[in-house]
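The values are calculated or read from the model by the stated rules, or taken from the named source; none is laboratory data. Please read all numbers here as calculations on a predicted model, not as lab measurements. Cβ coordinates were reconstructed from backbone atoms using ideal geometry, including for glycine residues, and neighbour counts include every protein chain displayed.
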């Protein structure tokens, strides 16, 4: 039996035909009409109209002073043959519908004759997760991480070189508040904090301590001075407070890495805010900002003594004469740098604009062998990869931070880095809430009013919410009950693995299927359902595809040599419209990927996976493949089943990060 490397050929054939159509028509128009036209290729409204539709005649009507239908007829009559195209047809008032040569198309898929990718040059940096290292991760953090990780997978599937960064704000207010809790409220010395860190669930302990500290500030407003003193100590690396802050942040980051790896999410490098300060990144950026007059010192008013950026830099419509009170504070009057100030320096480093770099040391070797590094201010003997210096930068940060992201981009523009500002992209998303019934299942107490709401918001500061690990554990528990009931004869370790894969698929798919600007109300029951647009539904389709091959093997059979399916045989089988539409649906992953990347919507790839699963399930129900007696048709059906299987597995595992279980 021949081995077919589907991962090399599945994504691109349909997309390459689109590109070929654009190029052929553009070249023809240039050579015969002297026109430089942008050729748009669309999908017809109905599959019976063909595989592509070109509205080019409508855009040429004014230039050629003819009716679109007449132009379309002229183009169809004169257009030279295009490889792989069976027919061009005029439709409606001037559309040109394109029908493909079915046997030729299928043979290109089968033989792997697609052209190689030609991805854009330059490194893409994607910064995601970025959880404050002060407590356990929660469900909102999971949406950030799953979106960021899936976008990285999409870029890599398109051939882009991607660096994944997870920025650690280890000198910020949230870490300071946990240090306040340990030092001022619980009065724990450094050794006791170290002992707590060595115990399991340290991130859970800090979750509760953070909430208690916030409550203490509310009851005792004067205690906010503890926060100020702690922030100053941490930023300057001074004394016991700074030592506790360092210990807490590093320990919580390790817990976050563990949590995210449960979802197969990994990182390349962890830049830390402390090094932004200690290695003078901020000092150099600050000097540039002052030299370019992007910031100025306020001499009176509520911002007296602060360095600020004028509102005219980052707020559309703001005048040069806007008041100092409308400006954004970059450096506080006590000399501490705001988050946005440090982030401007960090963004400059990402683009290679500072002329400075971190030192790096190994942080974690993942189970798959991938090495992650962390920024440090001390040299390390081990050589690290070259980090930073990206051509494009995506910051996966929730939409509530849009204003601050605008200020960061404004800082780049004010420094004269217009190109980098243009390629600095805020990959925003809306919050994740919980459905009331999920709150009940997770043991979160609700008022009668909350029970009637469509969703319940979470708040880490108030201690209200669901920890990421608790949610994952609950999903595994519920999936395990289903797996146990269906497969009681399987080994326990095997059932645990399968339940975990189903749970991860359910969670990732639920977080991906909504567009980024949609508020999500996470619901356990909906996520784990085997019916509807869910992860388990798509996983089940891939499992079914595998089962066909497993049954074939159990019956003593083997896959035939698919090379016997020549173009004529494929054309004969694809005369059946059902088979042709199934093959087209299964071969659109490249187009789906490009569309999802251009729109910046991982939800588009989740939707494609669902549609692919629907198409395969229809195929599975309608055609008893192994019972087919006609040899040519049986070989074709087996090839189509293998093709679907590989497409489903690639889309799920490689692009969406969703594992395919052995059974469900």
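Those residues that are closer than 15 Å to residue 21 by Cα, assigned to a helix (DSSP H, G or I) and either in contact with a strand residue (DSSP E or B) (Cβ under 6 Å, 6 or more places away or on another chain) or free of Cβ contacts under 8 Å to residues at least 12 places away in the same chain (or both), I need them from the stretch 52-73; list them, please. Scanning the stretch 52-73 gives a single hit, 72. Taking the conditions (1) out of contact with any helix residue (DSSP H, G or I) (no Cβ under 8 Å at 6 or more places or on another chain); (2) part of a loop (DSSP other than H, G, I, E, B) in turn, residue 425 satisfies each one other than (2). Given the structure, is residue 455 touching a strand residue (DSSP E or B) at 6+ places or on another chain (Cβ under 9 Å) and surrounded by fewer than 21 Cβ atoms within 10 Å (Cβ to Cβ)? It is true that residue 455 is touching a strand residue (DSSP E or B) at 6+ places or on another chain (Cβ under 9 Å) and surrounded by fewer than 21 Cβ atoms within 10 Å (Cβ to Cβ).
For the stretch 11-28, a tally of residues being touching a residue at least 40 places away in the same chain (Cβ under 8 Å) and more than 17 Å from residue 104 (Cβ to Cβ) returns 3.
Right, residue 587: farther than 27 Å from residue 558 by Cα and at pLDDT below 95 or not? Walk me through it before giving the result.
Details: farther than 27 Å from residue 558 by Cα: no; at pLDDT below 95: yes.
Answer is no for this residue.
Every listed requirement among (1) surrounded by fewer than 22 Cβ atoms within 10 Å (Cβ to Cβ); (2) under 22 Å from the mean Cα position of the chain (by Cα); (3) under 28 Å from residue 209 (Cα atoms) is met by residue 526 save one, (3).
Only one of 381, 343, 377 is buried (at least 16 other Cβ atoms within 10 Å of the Cβ) and farther than 21 Å from residue 266 by Cα; which? Don't jump to the end; show me each part of the working.
Values: 381 fails: buried (at least 16 other Cβ atoms within 10 Å of the Cβ); 377 fails: buried (at least 16 other Cβ atoms within 10 Å of the Cβ).
Testing whether each residue is buried (at least 16 other Cβ atoms within 10 Å of the Cβ) and farther than 21 Å from residue 266 by Cα leaves just 343.
In this entry, residue 395 is excluded by the filter for residues that are in contact with a helix residue (DSSP H, G or I) (Cβ under 9 Å, 6 or more places away or on another chain), in contact (Cβ under 8 Å) with a residue 60 or more places away in the chain and either farther than 30 Å from residue 255 by Cα or in a loop (DSSP other than H, G, I, E, B) (or both).
This table checks each residue for (1) touching a strand residue (DSSP E or B) at 6+ places or on another chain (Cβ under 9 Å); (2) surrounded by fewer than 23 Cβ atoms within 10 Å (Cβ to Cβ); (3) without any contact (Cβ under 8 Å) to a residue 60 or more places away in the chain.
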{"residue": "219", "(1), (2), (3)": "no, yes, yes"}
{"residue": "224", "(1), (2), (3)": "no, yes, yes"}
{"residue": "240", "(1), (2), (3)": "no, yes, yes"}
{"residue": "248", "(1), (2), (3)": "no, no, no"}
{"residue": "262", "(1), (2), (3)": "no, yes, no"}
{"residue": "267", "(1), (2), (3)": "yes, no, no"}
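Residues of the stretch 539-555 include at least one that is part of a loop (DSSP other than H, G, I, E, B) and at pLDDT below 95. Only residues that are touching a residue at least 12 places away in the same chain (Cβ under 8 Å) and surrounded by 15 or more Cβ atoms within 10 Å (Cβ to Cβ) were counted in the stretch 191-211, giving 10.
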